[in-house]
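Some notes on the structure that comes next.
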Amino acid sequence: MSRVEVSKISITNFKRIQKLELDVLPVTALVGGNTSGKSSVLKAAQLCVSLLQAAYRGNNRKGEPIFVGSVGDDDVAFHPTQKILDLRHGGAATERKGFEIGFDCVIEEGEEPEYGSFVLEVKRGKNANISLRIRGKKKFAGLIASDGSSASIFTPGLSGISIKEELRTRGALAAGAMQGDANTYLRSLLYHLFHDEEGWTEENDEEWEEADFNDSEIDELPESKWKSFCLLLAHIYDGARIIVDHDEDIEQFLDIRVSINGKVIPLDLASTGMLQVIQILAYSCFFKPALLLLDEPDSHLHADSQSKLLEALIGLTHRTKTRIVLASHSPQIIQEMNRRDSVNVCWMEDGSEVALDDKNLPAVPLLMRLGALGIGAEAFDPQKKIILLTEDFNTDLVRIYAEANGAGSDVAVLSYSGCENLSGARRLGILLRDLRPDLSVLIHRDRDYRNEHELRFEELQFNSWCNANNVDGISEIFTKLNDIEHLFATPEHIALTLPELTKDEILACIESSIAENRDEFVTSLDKARAVLQQKLYDTPRLRQKKEWLESGLPSTGKGPAGKSFRPAVSTDPFPFEICHGKKLQRVVRQKVAAKVGGDFDIIVSKIQGSSIALVDGNWLGKFGPK
């Protein structure tokens, strides 16, 4: 039987991916932020196989594969979403616009391998069916689609298994493997793997008859799928064995146990990490798929088991010729993969692969530890001499604000929101400086209701941190008002971006917006001041620092509460300066847009444009000469 080995996956206009060509090595690791497109790659590969299998109708007399031109959603085993046509990037597929998934392959048959590729075009067909067209070598598509190919296995993770399980057929296992429903059939899979007779011949019949597949030493077992599985499992969990004891004629439920460290326990009592490993190895050894697609296989494993898992996966590719594509959040595994020639570490961002040279590639596991994989490729662009790290996930307004204060094309604005806290952002700044000593790093921080003394304390604290850690080339800058959005809601800025409104009209919009949302602004102020009281004033260690006295903070440890910032009389106007900027900008732009009339999105784009009213003395000069 011919064996297909996948060497490249190409994807166009699928989910988050516009265009991607991924070289597939024995192990290919996808890393990136939560919206980088990692799962899109895994799901695209699995869907391609599933669509081909749904359309395959066997071979003609010449041995050429036959495919129908359209299938229904219900005909397709793997469903990343209810309507497959909705998976097109940018909107549902139409009769003219769809998505494409293709494989470059090698067929191992005869003396010389055969190379080729195909692309599956997916569009909307008649009666809302899925229209399919194959470009390239249909022979390769036929081999992947044929019933016995087991072309791909997708395991989206394992959260545990049921307490009881009835024996399922091999056909049900194949369907489960295609649908990513691996944990539902794990006991049945182990049973069929245990009884699989691939490798049996008349010549070795006696060896098979004498072997005890539960108790014999693994090395003494005949060459078989079960032996491969046992060897790989024992490599990760020393001495671990799976015991299969089931009489299908009299027992309703499968009895599968685990022997480890001298104890025998039911399979469902094994740790989730161990079940994850058992699942991956069992499916791979049983089906020997061309592609094994793993979504965070390391997520339930301790650090010491993660390295063993990697060894097992690499060993799996040698024993079965399976190619593995996995998504990972494990810095340890990625760090080890970086040193392996047989592994391709692909860092993804916005559905594309980020190209890193050998010098920068080791930064990936470090960025993973900081939760900063989402910072983007610009961090390694030599044309960018200044990195502005912002606490905002959406960097659009921060970029406009920075440009209004002198930032040019050599400035990259990147989010550090995944770093969890300010400490992580500072460590990220040090990492970027270590990787690129020519770089200057600015860390944006919102004012968040701090008074002048509290701001001064933060600045002095940062300077002390820099001195203590021998840090240079990193600065922190606060916004003039509570946050970035606050500056986009000032009457001066709105007047410059919407000159069709009079000053009185703008002030009326702002005043009514504040009045109508006064309760929310009061709540935001009080919560923010309560947080400052807890984190700053209620911390004796901070009050003992010299920076405390130098910044003029009270020695009593009691900071001003929210009520001291707002009018004592509730009917008096609530001050613009202590509004929550993000909320204020949202409500003000609605009022202003209603006053101007016309397309709301166009008006918002004007308000969120640049003006000289955004100039901030704290920011001006940070990106070059004043």
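The values are calculated or read from the model by the stated rules, or taken from the named source; none is laboratory data. Remember, it's a predicted structure, so these values are computed and weren't measured experimentally. Here Cβ is always computed from backbone atoms with ideal geometry, including for glycine, and neighbour counts include all displayed protein chains. Accessible surface is based on the protein model in full, side chains and every heavy atom, while ligands, DNA and RNA are left aside. Shrake-Rupley method; radii C 1.70, N 1.55, O 1.52, S 1.80 Å.
Which members of the stretch 412-442 meet the condition of being open to solvent by less than 20 Å² (accessible area, probe 1.4 Å) and touching a Lys or Arg at 6+ places or on another chain (Cβ under 7 Å)?
Ala412, Val413, Leu439, Val441, Leu442
Which residue is most open to solvent (accessible area, probe 1.4 Å), if the candidates are limited to the stretch 337-360 and must be aliphatic (A, V, I, L, M) and modelled with pLDDT under 80?
Ala355
Are there any pairs with C-beta distances below 9 angstrom linking a residue in the stretch 418-436 that is modelled with pLDDT under 80 to a residue that is among the small types (Gly, Ala, Ser) and assigned to a helix (DSSP H, G or I), with the two at least 6 apart or on different chains, and if so which?
These pairs meet every condition: Gly418/Gly374; Gly418/Gly424; Cys419/Ala425.
Do you know which residues across the stretch 458-477 are touching a residue at least 60 places away in the same chain (Cβ under 8 Å) and in contact with a helix residue (DSSP H, G or I) (Cβ under 6 Å, 6 or more places away or on another chain)?
Within the stretch 458-477, Leu460, Gln461 qualify.
Of these, Ile607, Ile602, Ile578, which one is of a type in the set (A, V, I, L, M), within 28 Å of Asn405 (Cβ to Cβ) and open to solvent by 60 Å² or more (accessible area, probe 1.4 Å)?
Ile602
Can you run down the residue pairs with Cβ atoms below 6 Å, 6 or more apart or on separate chains, where the first is in the stretch 546-572 and of a type in the set (A, V, I, L, M, F, W, C) and the partner is open to solvent by 60 Å² or more (accessible area, probe 1.4 Å)?
Leu553/His453
What is the residue count in the stretch 429-444 for residues that are in contact with a Ser or Thr (Cβ under 7 Å, 6 or more places away or on another chain) and among the small types (Gly, Ala, Ser)?
Result for the stretch 429-444: 0.
Is at least one residue of the stretch 548-559 farther than 19 Å from Gln461 by Cα, open to solvent by less than 80 Å² (accessible area, probe 1.4 Å) and in a loop (DSSP other than H, G, I, E, B)?
So far as the stretch 548-559 goes, no, none of its residues is farther than 19 Å from Gln461 by Cα, open to solvent by less than 80 Å² (accessible area, probe 1.4 Å) and in a loop (DSSP other than H, G, I, E, B).
Can you pull out every residue in the stretch 406-429 that is farther than 22 Å from His329 by Cβ and either in a loop (DSSP other than H, G, I, E, B) or among the β-branched types (Val, Ile, Thr) (or both)?
Gly406, Ala407, Gly408, Ser409, Asp410, Val411, Val413 - these are the residues of the stretch 406-429 that are farther than 22 Å from His329 by Cβ and either in a loop (DSSP other than H, G, I, E, B) or among the β-branched types (Val, Ile, Thr) (or both).
Residue-by-condition table, conditions (1) in contact with a His (Cβ under 7 Å, 6 or more places away or on another chain); (2) surrounded by fewer than 21 Cβ atoms within 10 Å (Cβ to Cβ); (3) modelled with pLDDT of 95 or more; (4) not in a helix (DSSP H, G or I):
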position	(1), (2), (3), (4)
Asp472	no, yes, no, yes
Lys480	no, yes, no, yes
Ala489	no, no, yes, yes
Glu492	no, yes, yes, no
Asp504	no, yes, yes, no
Leu507	no, yes, yes, no
Glu511	no, yes, yes, no
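Kindly evaluate Ile218 against the criterion of being in contact (Cβ under 8 Å) with a residue 24 or more places away in the chain and either within 30 Å of Asp74 (Cα to Cα) or aliphatic (A, V, I, L, M) (or both).
No: the conditions fail for Ile218.
Do we find a residue being open to solvent by less than 10 Å² (accessible area, probe 1.4 Å), more than 18 Å from Ile134 (Cβ to Cβ) and in a loop (DSSP other than H, G, I, E, B) anywhere in the stretch 33-45?
Yes.
Would you pick out the residues in the stretch 71-91 that are of a type outside the set (Asp, Glu), more than 16 Å from Cys48 (Cβ to Cβ) and open to solvent by 50 Å² or more (accessible area, probe 1.4 Å)?
If the condition is that a residue be of a type outside the set (Asp, Glu), more than 16 Å from Cys48 (Cβ to Cβ) and open to solvent by 50 Å² or more (accessible area, probe 1.4 Å), then Gln82, Lys83, Gly90 are the ones that fit.
Out of Ala240, Ala211, I need the residue that is more than 23 Å from Phe154 (Cβ to Cβ), of a type in the set (A, V, I, L, M), within 35 Å of the chain's Cα centre (by Cα) and open to solvent by less than 30 Å² (accessible area, probe 1.4 Å). Which one?
Matching residue, one of Ala240, Ala211: Ala240.
Out of the residues in the stretch 321-330 that are open to solvent by less than 10 Å² (accessible area, probe 1.4 Å) and not in a loop (DSSP other than H, G, I, E, B), which is farthest from Asp104 (Cα to Cα)?
Ala327
Looking at the stretch 80-110 only, could you name the residues that are within 24 Å of Val4 (Cα to Cα) and not β-branched (Val, Ile, Thr)?
Phe99, Glu100, Gly102, Phe103, Asp104, Cys105, Glu108, Glu109, Gly110
If a residue has to be over 26 Å from Arg323 (Cβ atoms) and open to solvent by less than 50 Å² (accessible area, probe 1.4 Å) to count, how many in the stretch 99-129 make the cut?
Selection size over the stretch 99-129: 2.
Mind listing whichever residues of the stretch 443-457 are open to solvent by 10 Å² or more (accessible area, probe 1.4 Å) and either more than 16 Å from Leu388 (Cα to Cα) or hydroxyl-bearing (Ser, Thr, Tyr) (or both)?
Residues satisfying the conditions are Arg447, Asp448, Tyr449, Arg450, Asn451, Glu452, His453, Leu455, Arg456.
Of the conditions (1) open to solvent by 10 Å² or more (accessible area, probe 1.4 Å); (2) in contact (Cβ under 8 Å) with a residue 24 or more places away in the chain, Ile334 fails just one. Which one is it?
Only one criterion in (1) open to solvent by 10 Å² or more (accessible area, probe 1.4 Å); (2) in contact (Cβ under 8 Å) with a residue 24 or more places away in the chain is unmet by Ile334, namely (1).
What about Leu301, is it closer than 26 Å to Glu336 by Cβ and crowded, with 19+ Cβ neighbours inside 10 Å?
yes
For (1) under 22 Å from Ile333 (Cα atoms); (2) touching a strand residue (DSSP E or B) at 6+ places or on another chain (Cβ under 8 Å), each residue gets a yes or a no:
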{"residue": "His235", "(1), (2)": "yes, no"}
{"residue": "Glu248", "(1), (2)": "no, no"}
{"residue": "Ile265", "(1), (2)": "no, yes"}
{"residue": "Gln276", "(1), (2)": "yes, no"}
{"residue": "Tyr283", "(1), (2)": "yes, yes"}
{"residue": "Ser299", "(1), (2)": "yes, no"}
{"residue": "Asp304", "(1), (2)": "yes, no"}
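Any idea which residue in the stretch 245-261 is surrounded by the most Cβ atoms within 10 Å (Cβ to Cβ), counting only those that are of a type in the set (A, V, I, L, M, F, W, C) and under 37 Å from the mean Cα position of the chain (by Cα)?
Ile256
Considering only the stretch 392-405, how many residues are surrounded by 17 or more Cβ atoms within 10 Å (Cβ to Cβ), assigned to a helix (DSSP H, G or I) and out of contact with any Leu (no Cβ under 6 Å at 6 or more places or on another chain)?
Within the stretch 392-405, residues that are surrounded by 17 or more Cβ atoms within 10 Å (Cβ to Cβ), assigned to a helix (DSSP H, G or I) and out of contact with any Leu (no Cβ under 6 Å at 6 or more places or on another chain) number 4.
Condition check: in contact with a strand residue (DSSP E or B) (Cβ under 8 Å, 6 or more places away or on another chain), aromatic (Phe, Trp, Tyr) and closer than 24 Å to Gly351 by Cα. Does Phe103 satisfy that?
Answer is yes for this residue.
Quick one: which residue in Leu316, Leu389 is out of contact with any Ser or Thr (no Cβ under 7 Å at 6 or more places or on another chain), modelled with pLDDT of 80 or more and open to solvent by less than 20 Å² (accessible area, probe 1.4 Å)?
Matching residue, one of Leu316, Leu389: Leu389.
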